[in-house]
Structure formats: C-alpha cells, structure tokens
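In what follows, a structure is listed as structure tokens, so that the remarks can point back to it.
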Amino acid sequence: MRSLGTAFVATAIAVAVGFLIVPTLIVGAPLEPVMGLVQKIFYFHVPCATMLFLSTFVCAGGSVAYLFRGSERGDRLAASAGELAVLFGLCTLVTGPLWGRKAWGVWWQWDARLTSALLLELIMIAYLLARRYGGPAGRKLSAALALFAAIDVPLVYKSVDIWRTVHPKTTVVPTLDPRMRPAFWSAFLLMLLVWSLLLALRVRLEAARAELAALELDAEDILEAAS
Amino acid sequence: MKRKIRSSARALLAGALALLCWLAPTLAAAQEFQKVSGAVREELPAGRFVAAAYGFIWIAVLLYVVSIARGLGRVRKDLGDLKSKLDRAGPRP
C-alpha cells in the first residue's frame, strides 16, 4: 500500500509537470505556417494515439498469455491495458476532430485513417463489454477480441500511406522541424510516464480485486465450518 | 380502364418532362461558381480548439485516476470488512 501511495504521488507529479513544463515548450515551439495555432494539438494528439497502440499491444500480449498459458497475471494486465486503450483512444478521437474542424473545415471524414482508428476504439470497447457482461466465457471471448484489435493497429498506422486520406502521413514525425522536436518528444515522454503509472495502478487494482475474490471464497468455507 | 391508366401515365410523363425543361436552366446555373462580394469569411478561434483538446485529455486522465482510487478504496474496505468478519468467526481450521 505504501508503494501505491508513491505511485499516486508520482502520477500527481507527472500531471503537474505536464501542466507546467510541457505547455511552456509547446507555446515556445514555432507556429506551423499553414495551420497556425491549431497544429499545436499535434503535440498531444500523436502521443495519445501512440498510447492507444501500445495499450492494444500490451492487452493482446496479456491475452495471449491468458489464452495459451492460462496466466491470471496476463489476464489482469490485459484488462488494465484494455481500459487504457479505450481511454487514450477516446482522447485521440476527440482531439483529432478538434484539429480537423479548424484545419480541414469538417469534424469528421470517413477516410481510411479515421475509420480504422474508430474501428480499433470500437473493438476495444467491445473487449471491455465482453469482459464485463460475457458471463463465464467472457474473459476468453474478450482475449480473442484483443488479438483482432492488435491486428488492426498496423492497419491504422499504415492506412495513411496505403490509401489517399486527408490525414497527415507517417512521415510527419521523422521530418518534424527541429525547433518543434523538444516540445513533441517531451510531451511524448510525459504521456508515456502517465501511461506507465496508470497501468501500474490499474494492475494493482485488478490484483486487489482478485485477492478479495479469493478471500471471499475461503471465507464462505470458513464461515460455514464455524456455524 | 387500361386506356385511362395509359393516358394518365402519358400525361404524368409529359408533365414531368415539361417541369424538367423549365428547371433545367436553374439546375445548370446551380453547378456554376458565382462571385460573391463582401462575403464573411469563416474564422474559427484556434485557441479554443487547442484549449478544448488539452483540457479534455487532462480531465479524462484525472477522472480515470480518481476512478481507480475509488475502486481501490472500495476493495480495501471490503477486504477489511471480510477480515474482521473472519476474526469474529474464530480461528481458521
């Protein structure tokens, strides 16, 4: 429980750093000549999308461990990462249209990148729903869904290179203006730190729930024997 | 009866064709670009979009942290209740 307190403090510090240092770097970064100020959404939109991909891969990895080795730890990791995928997916799908409305003039375009990203988010929501309401087979069903979600990730990433879309291509980050890089990479690192801490906290919650469930089973036997 | 239906169908078709001929110049004009002077250009405040995007991300993360903390608090309370119930029941077999 002490380490849990430390994790909460670390999360709070990370968020405080996010509010203080990273916005300063983002404000200091030069304006993009075509899009202007609204391009600054990019500094958190891309890290959020990357965390969505990372969460989906972690969820799929945990699901593989659960499906093929019966690993309860893998299942707990998958459940935690699944929630984070939905959270960061939501952040990506909200910040993207806010950027698009100003840059493209529309909130949404049914192009390959946006549609496949929405599909990924829907699969991850289905993962959580199957887990919660799927009954005894829910965990296995959701683990299979996580594998489909992981397959969708490369499709989402490469969609802008394969099909013609309004979304910027994958070359945006490697060819970023050197004066924009400190802001981008600091935002990326911050988001990665926040993601790691959230995952650690969520796995701990899942472990505590498992401990409680095991103790409840033991308690039933003990209380029956005592009465 | 059949003749009546045929004649009404012909009349309908003739009416539709006449309407199309009458509308044709208007429809054609709608396909052309016309210069408008003094039109107001749509200017969206970029600052609000940036603020909304950043605000949404941090509020979502903070709400998630709060939900985890509440879940942990609940589990901890249930564990405490269960342990005290077991203690009251006596020593474990």
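Over chain A, how many pairs of lysines fall under 24 Å by alpha carbon, counting only those 8 or more apart in sequence or from different chains?
Lysine pairs meeting the criterion: 5.
Using a Förster radius of 25 Å, what is the FRET efficiency between A:L31 and B:Q34 based on their Cβ-Cβ separation? Nearest 0.05, please.
0.15
Among A:A200, A:L155, A:A10, which residue has its Cα positioned farthest towards the positive end of the charge dipole of chain A, with +1 placed on the Cβ of Lys and Arg, -1 on the Cβ of Asp and Glu, and the dipole taken about the Cα centre?
Among A:A200, A:L155, A:A10, the one farthest towards the positive end of the dipole of chain A is A:L155.
Need one word for region A:1-99: rounded, prolate or oblate. Basis is the Cα gyration tensor (sqrt eigenvalues a ≥ b ≥ c); a/c below 1.5 gives rounded, then a/b vs b/c decides.
Here region A:1-99 falls in the oblate category.
Which shape class applies to the protein assembly as shown: rounded if a/c is under 1.5, otherwise prolate when a/b exceeds b/c and oblate if not, where a ≥ b ≥ c are the square roots of the Cα gyration tensor eigenvalues?
Because a/c hits 1.5 or more and a/b fails to exceed b/c, the protein assembly as shown counts as oblate.
Between region A:15-71 and region A:138-202, how far is it from one alpha carbon centroid to the other, in angstrom?
What the calculation gives is 7 Å, centre to centre.
Pull out a ≥ b ≥ c, the square roots of the eigenvalues of the alpha-carbon gyration tensor of region B:44-93, then state rounded if a/c is under 1.5, prolate if not and a/b is larger than b/c, and oblate in the remaining case.
prolate
Chymotrypsin sites (Phe, Trp or Tyr not before Pro) within region A:143-227: which are DSSP loop residues with at most 13 other Cβ atoms inside 10 Å?
Passing sites in region A:143-227 are A:W163.
Quote the relative contact order of region A:39-172 in percent (integer), defining contacts as alpha-carbon pairs under 8 Å separated by 6+ residues.
So the answer I get is 27 percent.
Treat each spin label as a single point 7 Å out from the Cα along the C-beta direction, and report the B:R6 to A:A137 distance in nm.
Using points 7 Å along Cα→Cβ, the separation is 6.3 nm.
Which of the lysines could be linked to B:K85 by a straight reach, that is with a Cα gap under 28 Å, when you skip same-chain ones fewer than 8 residues away?
B:K77
If you count, for every residue in B:63-72, the Cβ atoms of partner chains within 10 Å of its Cβ, what is the mean?
Counting other chains' Cβ atoms within 10 Å and averaging over B:63-72 gives 5.
Taking B:K83 as the anchor, which lysines have their alpha carbon closer than 24 Å to its alpha carbon, excluding any fewer than eight residues away along the same chain?
Those lysines meeting the cut-off do not exist here.
Going by Cβ distance under 4.7 Å, what cysteines of chain A have no possible disulfide partner?
Here A:C59 come out as lacking a disulfide-compatible partner, given the Cβ-Cβ threshold of under 4.7 Å.
Could you let me know the centre-to-centre spacing of region A:87-106 and region A:111-133, using Cα atoms, in angstrom?
When both Cα centres are located, 17 Å separates them.
Among the trypsin sites (Lys or Arg not before Pro) within region A:125-210, which fall in a DSSP loop and have no more than 15 other Cβ atoms within 10 Å of their own Cβ?
When the trypsin sites (Lys or Arg not before Pro) of region A:125-210 are filtered for loop state and at most 15 Cβ neighbours within 10 Å, A:R164, A:K169, A:R179 remain.
Computed from the coordinates by the stated procedures, all read-outs in this text should not be read as laboratory data. Please read these numbers as outputs of a predicted model, since none were measured by experiment. Positions of Cβ are generated from backbone atoms using ideal geometry, with glycine treated the same way; all protein chains shown enter the neighbour counts.
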